[in-house]
Amino acid sequence: MTKPLADRIALVTGASRGIGYATAIALAKAGAHIVATARTQGGLEELDDEIRKDGGSATLVPLNLTDSDGIARLGAGLHERYGKLDILVGNAGVLGPSSPIGHIELKTFTDVMAVNVSANFQLIRCMEPLLKQSDAGRAVFITSGAANKATAYVSPYAASKAALETLARAWAQETANTKLRVNLFNPGPVRTRMRATLMPGEDPATLDTPEQVAEFIVPMCAPGWTETGKFYDYKTRTLMSFRAPA
């Protein structure tokens, strides 16, 4: 039986653990060839082992996403090898400090923005031509409720996710008349290392797993997904449209 994502190429960032890891495995099970990026070689090798157990395939790309030239080289490599990209999952992100704004150093702030915003900007620039070569290019960026709640004490993270949402929405509008679909996914509290860092006293058993979340990301990557510029809220299982403030 043909798998729904057979012969499709999927780039997943931050794929060595958490939601990125689970999403890469879920996409591979659906038939996609995974191009997995992360800073940690060991995590990528574990991912490769898991994907191959189910008969899938992956290309591992150790890459710090603050290396904008590295992202450009990745785009060139994908063009040379495949001539297209079908799926982009912009998952990589950093939490940054948990501190009052006045106590945060400028470099710390810019470091968070570099990974959560600037790297995704560069991914868009370098991957858009490849996604447009697909018969059904799909891009999904992982965001957070902190973006619209303006959560206290994680201001760099909240600001970066708000910026990412605006960037993705603008890109969705720019590409609305193409075959490319661009959307955002908010997983909410999930059993990840990032969540444990932010909420060390929380019982992880009360949270859904990355594997549960990934099952809802996969349909947004499929050719049959037609929505663009939307926001999927995992906690409420709701696809939302953005509305301007009253």
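State which residue is nearest to G75 (Cα to Cα) when the search covers only the range 105-118 and only residues that are open to solvent by 70 Å² or more (accessible area, probe 1.4 Å) and of a type outside the set (D, E, K, R).
F109
With the requirement that a residue be touching a His at 6+ places or on another chain (Cβ under 9 Å) and in a loop (DSSP other than H, G, I, E, B), what does the range 6-17 give you?
Taking the range 6-17 and keeping what is touching a His at 6+ places or on another chain (Cβ under 9 Å), we get 7-10.
D7, R8, listed by residue number.
Any residue in the range 153-170 that is on the phi > 0 side of the Ramachandran plot sitting within a Cβ distance under 9 Å of a residue that is open to solvent by 40 Å² or more (accessible area, probe 1.4 Å) and aliphatic (A, V, I, L, M)? List the pairs, counting only those 6 or more apart or interchain.
The qualifying pairs are Y153/I101.
Starting from residues that are of a type in the set (D, E, K, R) and touching a helix residue (DSSP H, G or I) at 6+ places or on another chain (Cβ under 7 Å), keep the ones in the range 32-75 and report whichever is surrounded by the most Cβ atoms within 10 Å (Cβ to Cβ). It would help to see each step written out before you state the result.
Taking the range 32-75 and keeping what is of a type in the set (D, E, K, R), we get 39, 45-46, 48-50, 52-54, 67, 69, 73.
With the extra rule that they be touching a helix residue (DSSP H, G or I) at 6+ places or on another chain (Cβ under 7 Å), the set shrinks to 50, 54.
On the way: E50: 17, D54: 9.
This residue is E50.
Could you list, in sequence order, all residues of the range 76-104 that are in a loop (DSSP other than H, G, I, E, B) and open to solvent by 60 Å² or more (accessible area, probe 1.4 Å)?
Y82, S98
Name every residue in the range 18-75 that is of a type in the set (K, R) and in a helix (DSSP H, G or I), in order of residue number. Give the steps one after another, and end with the answer.
Quick first cut of the range 18-75, residues of a type in the set (K, R) only: 29, 39, 52-53, 73.
Across the range 18-75, the qualifying residues are K29, R52, K53, R73.
Go through the residues of the range 119-129 one by one and say whether even a single one is under 18 Å from T166 (Cβ atoms), of a type in the set (D, E, K, R) and open to solvent by 40 Å² or more (accessible area, probe 1.4 Å).
Filtering the range 119-129 for residues under 18 Å from T166 (Cβ atoms) gives 119-125, 128.
Now narrow it down to the ones that are of a type in the set (D, E, K, R): 125, 128.
Remaining after also requiring open to solvent by 40 Å² or more (accessible area, probe 1.4 Å): 125, 128.
Yes, the conditions are met somewhere in the range 119-129.
So how many residues does the range 134-148 have that are surrounded by 17 or more Cβ atoms within 10 Å (Cβ to Cβ) and in contact with a helix residue (DSSP H, G or I) (Cβ under 9 Å, 6 or more places away or on another chain)?
Pass one, the range 134-148, residues surrounded by 17 or more Cβ atoms within 10 Å (Cβ to Cβ): 134, 136-144, 146-147.
From the residues that got through so far, the ones that are in contact with a helix residue (DSSP H, G or I) (Cβ under 9 Å, 6 or more places away or on another chain) too are 137-144, 146-147.
Of the residues in the range 134-148, 10 are surrounded by 17 or more Cβ atoms within 10 Å (Cβ to Cβ) and in contact with a helix residue (DSSP H, G or I) (Cβ under 9 Å, 6 or more places away or on another chain).
If G55 satisfies all but one of (1) under 16 Å from T13 (Cα atoms); (2) without any contact (Cβ under 8 Å) to a residue 40 or more places away in the chain, what's the number of the condition it fails?
So the condition that G55 fails would be (1).
Count, please, the residues in the range 171-188 that happen to be in a loop (DSSP other than H, G, I, E, B) and touching a residue at least 12 places away in the same chain (Cβ under 8 Å).
Restricting attention to the range 171-188, the residues satisfying the condition of being in a loop (DSSP other than H, G, I, E, B) are 175-180, 187-188.
So of that shortlist, the ones also touching a residue at least 12 places away in the same chain (Cβ under 8 Å) come out as 175-176, 178-180, 187-188.
Within the range 171-188, residues that are in a loop (DSSP other than H, G, I, E, B) and touching a residue at least 12 places away in the same chain (Cβ under 8 Å) number 7.
The values are calculated or read from the model by the stated rules, or taken from the named source; none is laboratory data. None of the values given here were measured: they were computed from a predicted structure. As a convention, Cβ positions derive from the backbone with ideal geometry for all residues, glycine included, and neighbour counts pool all protein chains shown. Surface areas here come from the heavy atoms of the whole protein model, side chains and all, with no ligands, DNA or RNA. Shrake-Rupley method; radii C 1.70, N 1.55, O 1.52, S 1.80 Å.
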